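The values are calculated or read from the model by the stated rules, or taken from the named source; none is laboratory data. Source: prediction; values computed, not measured. Counting neighbours? That spans all protein chains shown, and the Cβs are built from the backbone with ideal geometry, glycine included. Each accessible area value is taken on the protein alone, full model and side chains, heavy atoms only, with ligands, DNA and RNA left out. Shrake-Rupley method; radii C 1.70, N 1.55, O 1.52, S 1.80 Å.
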Amino acid sequence: MIAFVIYKFIVCVVVFGLSLGVAAYSTWWERKLSALLQDRVGPNRAGPMGLLQPLADGGKMFFKEEIIPNVSNKFLFILGPSMFMVTALLTGAVIPWGKSFTSEAGVTYSFQITDINIGVLYLLGVVSIGVYGIMIGGWASNNKYALLGAIRASSQMISYEIAMGISVIALIITAGGTLSLAEIVEQQDAGYANVVWQPLGFLIFFICALAETNRAPFDLPECESELVGGFHTEYSSMKLGLFLFAEYINMFVSSAVMAAFYFGGYNFPFASELYSALGLQEGSWLITLIGFGAFFTKICIFISVFMWIRWTLPRFRYDQLMNLGWKVLLPLSLLNLGITVIVEYFRGHITF
């Protein structure tokens, strides 16, 4: 029992450190990628290839002057970014990061903080709570630009969560009705990745993930040309850092969820042939490590696509954003759900 608790504690620390580390170095990679797209060099002064730039940025955030407006609600002003950050970190708890492995004593350990049988509902629930952090922060600032940005963020998230939820229902039907992320990933081991059966569902989920993370072209809640800085106009120092950092963590977790839902998570083509050639037995920790490497590669690819889109497409107008959510994605997600029911009926996975 003590070994189990210690192991889970270590997994929590690893996932927590991984989320923070990837979020920090995503800022470096975004600057480098945007520089590449714009024929610039990017950060190159702090350390080799600018690799110490995230540490310099973090230090700057910590040591900047802390400003809390006199007219703000001080408790809620601090609560907003804290809640946004905590909900971003909580989402990584149900993601399976690698295959289970067996110790020499015969005890099996899973590379996942917890595998709850309502993992998908937990994920959607925690993500939807994140918007409260933005709304509370924007309202507590007592600034019209911050309030307008918070209202935009709330309406945007609610609008796109409906289409995202319906696309996830279609995925759950394809996965046999399970709500466990570990089972959804494990089912893609021997067969096809879910994207083969859910190409339209994946496209809808990906667009909604862009909107949920406030990434361009959906970054209207912090639209600087209209709202100065949006919901974080009045924030400075590390409270602003928490808002910005949480957005990168959300991007990392969204990429992990898409890789797990639609691209097999830690599974990859010809994995069993590779393990056989290397002489690895089921339960080996090397299989866990290789699977985690494959999963992490998929996540990095998705993060790069997120950034590529940000630095390629212009920002939507707000009416265009709402039209896309309610008039395009919602009907498409319902169509995808209907097609999924018909396809799964003929595959024999559902009966009436």
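Summary table below
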{"read-out": "K60, sole failed condition from (1) modelled with pLDDT under 85; (2) open to solvent by 40 Å² or more (accessible area, probe 1.4 Å)", "value": "(1)"}
{"read-out": "Given (1) aliphatic (A, V, I, L, M); (2) under 30 Å from V185 (Cβ atoms); (3) open to solvent by 40 Å² or more (accessible area, probe 1.4 Å), number of the condition V228 does not satisfy", "value": "(2)"}
{"read-out": "In the stretch 71-128, the residues that are among the acidic types (D, E) and out of contact with any Asp or Glu (no Cβ under 9 Å at 6 or more places or on another chain)", "value": "E104"}
{"read-out": "Residue list for the stretch 325-345, restricted to those being more than 13 Å from T174 (Cβ to Cβ) and without any contact (Cβ under 8 Å) to a residue 40 or more places away in the chain", "value": "K327, V328, P331, G338"}
{"read-out": "Boolean, F302 is assigned to a helix (DSSP H, G or I), within 18 Å of the chain's Cα centre (by Cα) and touching a residue at least 24 places away in the same chain (Cβ under 8 Å)", "value": "yes"}
{"read-out": "Subset of the stretch 15-54 (residues that are without any contact (Cβ under 8 Å) to a residue 24 or more places away in the chain, part of a helix (DSSP H, G or I) and surrounded by fewer than 16 Cβ atoms within 10 Å (Cβ to Cβ))", "value": "G17, G21, L36, P48, M49"}
{"read-out": "Residue within the stretch 232-246 that is within 22 Å of M164 (Cα to Cα) and either open to solvent by 10 Å² or more (accessible area, probe 1.4 Å) or of a type in the set (G, A, S) (or both) present", "value": "yes"}
{"read-out": "Output for the stretch 139-193, where each listed residue is open to solvent by 20 Å² or more (accessible area, probe 1.4 Å), small (G, A, S) and in contact with a Gly (Cβ under 6 Å, 6 or more places away or on another chain)", "value": "A193"}
{"read-out": "So E273, is it of a type in the set (D, E, K, R), open to solvent by 60 Å² or more (accessible area, probe 1.4 Å) and either in a loop (DSSP other than H, G, I, E, B) or without any contact (Cβ under 8 Å) to a residue 24 or more places away in the chain (or both)", "value": "yes"}
{"read-out": "Some residue of the stretch 305-319 being part of a helix (DSSP H, G or I), of a type in the set (S, T, Y), open to solvent by 40 Å² or more (accessible area, probe 1.4 Å) and farther than 17 Å from P217 by Cβ", "value": "no"}
{"read-out": "Per-region count, the stretch 125-138, residues farther than 9 Å from G80 by Cα and open to solvent by 60 Å² or more (accessible area, probe 1.4 Å)", "value": "1"}
